[in-house]
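Since the structure comes first, as structure tokens, the remarks are kept for the end.
The values are calculated or read from the model by the stated rules, or taken from the named source; none is laboratory data. Being a predicted model, the structure only gives us computed values, none of them experimental. Neighbour counts run over all protein chains shown; Cβ positions are idealised from the backbone, glycine included.
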Amino acid sequence: MTSAWDHAVPQDAGFAPDLAHKLEALVAAGQLPPVHAIVLARHDRLLLDRYFIGEDQQIGYDSIGRIAFTGTTLHDLRSVTKSIVGLLYGIALERGLVPGLDAPLVDAFPEYPDLAADPARRRLTVAHALSMTMGLDWDESLPYTDPRNSEIAMEMAADRYRFTLDRAIVAAPGASWIYSGGAVALIGALIERGSGQSLPDFARDALFRPLGIHRSEWFSGDDGVYSAAAGLRLGALDLLRIGSMLANGGQHEGGQIVPSSWLKQSWTRRTDTVWGQAYGYLWYLGRATPPAFPGGTPSVAGYGNGGQRLFVLPEAGIACVILAGLYDTPGGEQGPEWIWRELILPNFIG
């Protein structure tokens, strides 16, 4: 554990008193899905932190070997990065640094006058990128080791922004959800161009430092552009700090870090995913049903390839982070979901 957190035993924060024992029993029986870290907080108090030894890799690189994880070990967040970038856009929007939600995307990229002159592409707005409803052809169903995967093709393109904006139009803007790292790359560009800072520098100044987060890494491609879609690395406890701030309405130690109005917008359903969840602005939305909320309570989550998860129950003040190394593994995403659904939620009794 880290001294940066206040600590509490689970029963003092509304969880079953034997929560930690149940976790250890699963570990002892070999029944816990393979993960690297499980950390849980409520109302800014750390209730549970358990770390494991496992194989890991870093995006863009080969395996980095077998790691004994701690709360501060930097870990790929993969597409949880997208949700963090959504927070950064909201901060930048409040500061007047980025175009508004209804602004045409092509207007932010004047270097492509041919695209700006296309009436169909002028219909694409910032909101469509944030909700992944641009209607542009994009396919990330292939493994991320396959150059035919659209995100990998974007990373390999001479100009990632033209590559994204110039995709074939396959649906009306706003009509359907198409998972797209390219959409988030465009949002990252808006933040960088509007703030005059790199994405890591803006994140450091606007989000990380105010939360006391001092260690992070951000992957950049061969073109030197930082990956807004999947490039962020944080320790489990620092990601939990972000989740705890969100569970507190965007506040941390009396300061408003992320505008509460932006969280409300981000966590409003804009469309539905092909996987069954509702989707806001770069956040997955649902309802959780712990015993304390028999009718269900709103749940928001960031998902990342390989089993990276940030779960937040805003009405209960709960945040949970689960990290794993199951990258591009069929069914690998189910382990962290199982831990959240079958271990954490049933033991929240209010």
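Quick look at the numbers
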item: Members of the range 157-178 found to be outside any loop (DSSP other than H, G, I, E, B), in contact (Cβ under 8 Å) with a residue 24 or more places away in the chain and among the hydrophobic types (A, V, I, L, M, F, W, C), listed by number; result: 165, 169
item: Any hit, the range 30-45, residues being touching a strand residue (DSSP E or B) at 6+ places or on another chain (Cβ under 8 Å) and more than 14 Å from residue 320 (Cα to Cα); result: yes
item: Some residue of the range 37-50 being in contact with a Lys or Arg (Cβ under 9 Å, 6 or more places away or on another chain), of a type in the set (Val, Ile, Thr) and not in a loop (DSSP other than H, G, I, E, B); result: yes
item: Single residue of the range 105-148 satisfying the filter (assigned to a helix (DSSP H, G or I) and small (Gly, Ala, Ser)) that is farthest from residue 305 (Cα to Cα); result: 116
item: Out of 38, 53, sole residue that is closer than 16 Å to residue 340 by Cβ, among the β-branched types (Val, Ile, Thr) and touching a residue at least 12 places away in the same chain (Cβ under 8 Å); result: 38
item: Counted residues, the range 294-308 - those being at pLDDT 95 or above and within 19 Å of residue 269 (Cβ to Cβ); result: 8
item: Which listed residue is over 21 Å from residue 45 (Cα atoms), touching a Leu at 6+ places or on another chain (Cβ under 6 Å) and surrounded by fewer than 20 Cβ atoms within 10 Å (Cβ to Cβ), from 304, 295, 332; result: 332
item: Pairs with Cβ under 8 Å, 6+ apart, first in the range 98-120 and surrounded by fewer than 16 Cβ atoms within 10 Å (Cβ to Cβ), second among the small types (Gly, Ala, Ser); result: 102/127; 107/116; 110/116
item: Residue check, residue 161 at pLDDT below 95, crowded, with 17+ Cβ neighbours inside 10 Å and not basic (Lys, Arg); result: no
item: Test: residue in the range 314-324 that is outside any strand (DSSP E or B), in contact (Cβ under 8 Å) with a residue 40 or more places away in the chain and either closer than 16 Å to residue 78 by Cα or of a type in the set (S, T, N, Q) (or both); result: yes
item: Check on residue 64, farther than 30 Å from residue 261 by Cβ and either part of a helix (DSSP H, G or I) or among the polar types (S, T, N, Q) (or both); result: no
item: Residue 86 vs. criteria crowded, with 21+ Cβ neighbours inside 10 Å, of a type outside the set (Asp, Glu) and closer than 30 Å to residue 194 by Cβ; result: yes
item: Top-ranked residue in the range 281-307 [being within 12 Å of the chain's Cα centre (by Cα) and assigned to a loop (DSSP other than H, G, I, E, B); ranked as farthest from residue 240 (Cα to Cα)]; result: 281
item: Boolean, residue 137 is touching a strand residue (DSSP E or B) at 6+ places or on another chain (Cβ under 6 Å), surrounded by fewer than 22 Cβ atoms within 10 Å (Cβ to Cβ) and closer than 26 Å to residue 176 by Cβ; result: no
item: Pairs with Cβ under 9 Å, 6+ apart, first in the range 135-148 and more than 14 Å from residue 166 (Cα to Cα), second surrounded by 13 or more Cβ atoms within 10 Å (Cβ to Cβ) and small (Gly, Ala, Ser); result: 139/150; 140/150; 140/180; 140/181; 142/150; 144/230; 147/153
item: Filtered residue count, the range 309-332, keeping only those that are at pLDDT 95 or above, within 23 Å of residue 287 (Cα to Cα) and not aromatic (Phe, Trp, Tyr); result: 14
item: Hey, residue 81 in a loop (DSSP other than H, G, I, E, B) and within 30 Å of residue 226 (Cα to Cα) or not; result: no
item: Selection status of residue 51, under 30 Å from residue 160 (Cα atoms) and of a type in the set (Ser, Thr, Tyr); result: no
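Here is a yes/no grid of residues against (1) of a type in the set (Ser, Thr, Tyr); (2) in contact with a helix residue (DSSP H, G or I) (Cβ under 9 Å, 6 or more places away or on another chain); (3) crowded, with 17+ Cβ neighbours inside 10 Å; (4) at pLDDT 95 or above:
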residue	(1), (2), (3), (4)
251	no, yes, no, yes
261	yes, yes, no, yes
267	no, yes, yes, yes
275	no, no, no, no
